[in-house]
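Colleague: Before anything else, here's the structure in question.
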Amino acid sequence: MSTPTADSARASLEELRTEIAKAVVGQDPAVTGLVVALLCRGHVLLEGVPGVAKTLLVRALSTALELDTKRVQFTPDLMPSDVTGSLVYDTRNAEFSFQPGPVFTNLLLADEINRTPPKTQASLLEAMEERQVTVDGTPRPLPEPFLVAATQNPTEYEGTYPLPEAQLDRFLLKLTMSLPARQDEIDILTRHAAGFSPRDLNAAGLRPVASAADLEAARDAVAKTAVSPEVTGYIVDICRATRESPSLSLGVSPRGATALLSTSRAWAWLTGRDYVTPDDVKALALPTLRHRIQLRPEAEMEGVTADSVISAVLAHLPVPR
């Protein structure tokens, strides 16, 4: 089997949107965000009310990319070993053997991650950052590619454990999945009336249109996407401006700046260019930065949001030409 070229890999990844649309209606930005995260070897926080197809989106993506996926429902009694795996005593050999947890997959759906205590949330940190799990002092590498898609409900906070800033910063993107438009919702109901079942994606006609090899070729091409000193300076200026905002108690860190550089490059390549423009930076600024800043309580009471602060920064900063 021949190695995919950058152009063929881009064409395959563009087909993903069409393929996933067979199961998920009206969530194009979230689909694009997940592809960008895969290209950047990052992880995604999906936020949306129940019933907007967060789980279905990840399952459809794994089917279209022919990747393994597992789902963990995070609950208050979930233990770290339930995610990472544990040592199990084998009576036949009279020794302990490692039983891998659900984290050993390509796409891990961490459902309602803010419903589990910090100790279990933290069990994902090493997996997300180091792409390995250490049990009993032995590091065990995770499959490649590896992406964590964690979901949380933005309206129900009772009995939850909000993710600390340090852990939020480990997510490359925070994607908000909104309620569908009226016509999209009509399309959803029409499909269900015609027999569509979200539990049977094969019956919906979903098929693999890209592979891990396409993803690897795409990643190599993204790494070669040029970034001018002017665009680099623009990214830095955006991040520094958040640190000076009177509405924020915490601005974007240098890790956030490198994340914005990575996502801008991936988006530029996906749209068919081998160089990054300021418009690419603007397009990815909200999903890349919205979870990396912290509002002052008084600003929150006045109705200020993370998105409005970033949008104001983008509106006031001069754009390089």
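The values are calculated or read from the model by the stated rules, or taken from the named source; none is laboratory data. Quick caveat, the model's predicted, so the values are computed rather than measured. Cβ sites come from the backbone with ideal geometry, for glycine too, and all protein chains shown count toward neighbours. We work out accessible area using only protein heavy atoms, side chains counted, and drop any ligands, DNA or RNA first. Shrake-Rupley method; radii C 1.70, N 1.55, O 1.52, S 1.80 Å.
Colleague: Within the group GLY256, GLY233, which residue is more than 22 Å from the chain's Cα centre (by Cα) and either closer than 19 Å to LEU175 by Cβ or surrounded by fewer than 17 Cβ atoms within 10 Å (Cβ to Cβ) (or both)? If you could, list the steps in order and put the result at the bottom.
Modeller: Working: GLY256 fails: more than 22 Å from the chain's Cα centre (by Cα).
Unique residue meeting the criteria: GLY233.
Colleague: Under 9 Å by Cβ, and 6 or more places apart or on different chains, what pairs join a residue from region 20-41 that is without any contact (Cβ under 8 Å) to a residue 12 or more places away in the chain with one that is in a loop (DSSP other than H, G, I, E, B)?
Modeller: Short answer, once both residue conditions are applied: ALA21/GLN27; ASP28/ALA21.
Colleague: Only one residue in ASP280, ASP214, ASP220, ASP274 is modelled with pLDDT of 95 or more and within 20 Å of THR32 (Cα to Cα). Which one?
Modeller: It is ASP280.
Colleague: Keeping to region 112-141, report how many residues are hydrophobic (A, V, I, L, M, F, W, C), open to solvent by 20 Å² or more (accessible area, probe 1.4 Å) and under 30 Å from ALA210 (Cα atoms).
Modeller: The number of residues fulfilling the criteria is 1.
Colleague: Which condition from (1) open to solvent by 60 Å² or more (accessible area, probe 1.4 Å); (2) at pLDDT 95 or above; (3) of a type in the set (Val, Ile, Thr); (4) closer than 25 Å to LEU13 by Cβ is the one that VAL227 breaks?
Modeller: (1)
Colleague: I've got another one for you. Could you tell me which numbered condition LEU261 fails, if it satisfies all but one of (1) closer than 20 Å to VAL44 by Cβ; (2) open to solvent by less than 50 Å² (accessible area, probe 1.4 Å); (3) at pLDDT 90 or above?
Modeller: (2)
Colleague: Identify, please: which residue in region 9-31 is within 22 Å of SER211 (Cβ to Cβ) and in a loop (DSSP other than H, G, I, E, B) and is, among those, farthest from the chain's Cα centre (by Cα)?
Modeller: The qualifying residue farthest from the chain's Cα centre (by Cα) is LYS22.
Colleague: Between SER249, SER245, which is in a loop (DSSP other than H, G, I, E, B) and over 18 Å from the mean Cα position of the chain (by Cα)?
Modeller: On the way: SER249 fails: in a loop (DSSP other than H, G, I, E, B).
On inspection, the qualifying residue turns out to be SER245.
Colleague: Can you say whether LEU206 is surrounded by 16 or more Cβ atoms within 10 Å (Cβ to Cβ) and either in contact with a Phe, Trp or Tyr (Cβ under 6 Å, 6 or more places away or on another chain) or in a loop (DSSP other than H, G, I, E, B) (or both), as far as the supplied structure shows?
Modeller: Working: surrounded by 16 or more Cβ atoms within 10 Å (Cβ to Cβ): yes; either in contact with a Phe, Trp or Tyr (Cβ under 6 Å, 6 or more places away or on another chain) or in a loop (DSSP other than H, G, I, E, B) (or both): yes.
For LEU206, the condition - surrounded by 16 or more Cβ atoms within 10 Å (Cβ to Cβ) and either in contact with a Phe, Trp or Tyr (Cβ under 6 Å, 6 or more places away or on another chain) or in a loop (DSSP other than H, G, I, E, B) (or both) - is met.
Colleague: Go over the candidates ASP280, ASP274 one by one and state the one that is closer than 30 Å to ASP214 by Cα and open to solvent by 60 Å² or more (accessible area, probe 1.4 Å). Walk me through how you get there before you give the answer.
Modeller: Details: ASP280 fails: open to solvent by 60 Å² or more (accessible area, probe 1.4 Å).
Answer to the selection: ASP274.
Colleague: Looking only at residues in region 284-321 that are in a loop (DSSP other than H, G, I, E, B) and charged (D, E, K, R), which one is surrounded by the most Cβ atoms within 10 Å (Cβ to Cβ)?
Modeller: Filtering region 284-321 down to residues in a loop (DSSP other than H, G, I, E, B) leaves 290-293, 296, 302-305, 317-321.
With charged (D, E, K, R) added as a condition, the list becomes 290, 292, 296, 302, 321.
Working: ARG290: 21, ARG292: 24, ARG296: 15, GLU302: 10, ARG321: 5.
Once the filter is applied, the top-ranked residue is ARG292.
Colleague: Hey, does region 113-129 have a residue that's out of contact with any strand residue (DSSP E or B) (no Cβ under 7 Å at 6 or more places or on another chain), on the phi > 0 side of the Ramachandran plot and without any contact (Cβ under 8 Å) to a residue 60 or more places away in the chain? Even if it seems obvious, please write down each step before you answer.
Modeller: Taking region 113-129 first, the residues out of contact with any strand residue (DSSP E or B) (no Cβ under 7 Å at 6 or more places or on another chain) are 115-123, 125, 129.
From what is left, the residues that are on the phi > 0 side of the Ramachandran plot are none.
Checking region 113-129: not a single residue is out of contact with any strand residue (DSSP E or B) (no Cβ under 7 Å at 6 or more places or on another chain), on the phi > 0 side of the Ramachandran plot and without any contact (Cβ under 8 Å) to a residue 60 or more places away in the chain.
Colleague: Right, next: With GLN167, GLN183 as the choices, which residue is open to solvent by 80 Å² or more (accessible area, probe 1.4 Å), polar (S, T, N, Q) and either outside any loop (DSSP other than H, G, I, E, B) or touching a residue at least 24 places away in the same chain (Cβ under 8 Å) (or both)?
Modeller: On the way: GLN167 fails: open to solvent by 80 Å² or more (accessible area, probe 1.4 Å).
Checking each option against the conditions leaves just GLN183.
Colleague: So which residues in region 87-105 are among the charged types (D, E, K, R) and assigned to a loop (DSSP other than H, G, I, E, B), if there are any at all?
Modeller: We begin by selecting, within region 87-105, every residue among the charged types (D, E, K, R); these are 90, 92, 95.
ARG92 - this is the single residue of region 87-105 that is among the charged types (D, E, K, R) and assigned to a loop (DSSP other than H, G, I, E, B).
Colleague: Please determine whether any residue of region 78-86 is within 26 Å of THR138 (Cα to Cα), of a type outside the set (Lys, Arg), open to solvent by 30 Å² or more (accessible area, probe 1.4 Å) and part of a strand (DSSP E or B).
Modeller: Within region 78-86 (the criterion being within 26 Å of THR138 (Cα to Cα), of a type outside the set (Lys, Arg), open to solvent by 30 Å² or more (accessible area, probe 1.4 Å) and part of a strand (DSSP E or B)), the answer is yes, since at least one residue qualifies.
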